[in-house]
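S.K.: Following this message is one structure expressed as structure tokens.
Taken together, the values in this text are just the output of simple stated rules run on the coordinates, not laboratory data. If you're wondering where the values come from, they're calculated on a predicted model, not measured in any experiment. For neighbour counting, all protein chains shown are included, and Cβ atoms are generated from backbone atoms with ideal geometry for every residue, glycine included.
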Amino acid sequence: MKKIIIFVCILTLFLIVIYPTNVQALSIDEIFAGADNFLDIGGGQDGVNATIDDTTLGDTSDLLYNILLGISMIMAVIIGMVLGIKYMLATSEEKADIKQTLPAYIVSCIVVFGAFSIWKLVINIIQ
């Protein structure tokens, strides 16, 4: 164990010495100019249209919601099927191990589908 720690320390020191570091210091004026430029672009000035279309944002949110919900449902069903098949084919010791994983599976399903419910509820309240 000591050899591994010493090796990692030596490797880290070697990488620190070899890795080139370039520090670029900016003046306060350059920082504020960059911030003002960022705000100007975000504000829709300089020919940039920065307005957000509500229907496009809602459609994108719905699409993302449906895709992620579908993926999570498919994964939950597949994992449940795998656990069920393992449980049916397992010995008594293996069944005990599988029973220990079931609470984690149930809690993860509750968390995932609860998060989707909260997401949909927030979207409906905002609209």
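S.K.: What's the extension gain from Glu93 to Ile16 if we count 0.36 nm per residue and subtract their Cα-Cα distance?
M.R.: Numbers: separation 77, 0.36 × 77 = 27.72 nm, distance 4.99 nm.
Gain in length upon complete extension: 22.7 nm.
S.K.: Right, something else. How much of the calculated P(r) for segment 84-127 lies past 16 Å, in percent of all Cα pairs?
M.R.: Details: 517 of 946 pairs.
Of all Cα-Cα distances in segment 84-127, 55 percent exceed 16 Å.
S.K.: If you don't mind, another one. If you split all Cα-Cα distances of the chain into 10 Å bins from zero, what percentages do you get per bin, shortest first?
M.R.: Once binned at 10 Å, the Cα pair distances of the chain give 9, 17, 14, 16, 28, 13, 4, 0.
S.K.: Sum -39500 (n - 2.57) across every DSSP H segment of at least 4 residues in the chain, then divide by the residue count to get the 222 nm mean residue ellipticity, nearest 500. Mind showing how you got there, number by number?
M.R.: Details: 4 runs with 103 residues, N = 127.
Calculated at 222 nm, the ellipticity per residue is -29000 deg cm²/dmol.
S.K.: Could you calculate the contour length gain from Ile118 to Leu57, that is, 0.36 nm times the residue separation minus the distance between their Cα atoms, to one decimal place in nm? Kindly include the intermediate steps, with their values, before the conclusion.
M.R.: Numbers: separation 61, 0.36 × 61 = 21.96 nm, distance 1.79 nm.
Taking 0.36 nm per residue and subtracting the Cα distance, the gain is 20.2 nm.
S.K.: Which of Leu15, Ala76, Ile5 sits closest to the plus end of the dipole of the chain, meaning its Cα is farthest towards the positive end, when Lys and Arg get +1 and Asp and Glu get -1 on the C-beta?
M.R.: After comparing all options, I get Ile5.
S.K.: Full extension from Phe32 to Lys86: what is 0.36 nm times the residue separation minus their Cα-Cα distance, to one decimal in nm? It would help to have the intermediate numbers written out before the result.
M.R.: Values: separation 54, 0.36 × 54 = 19.44 nm, distance 6.14 nm.
Length gained between Phe32 and Lys86: 13.3 nm.
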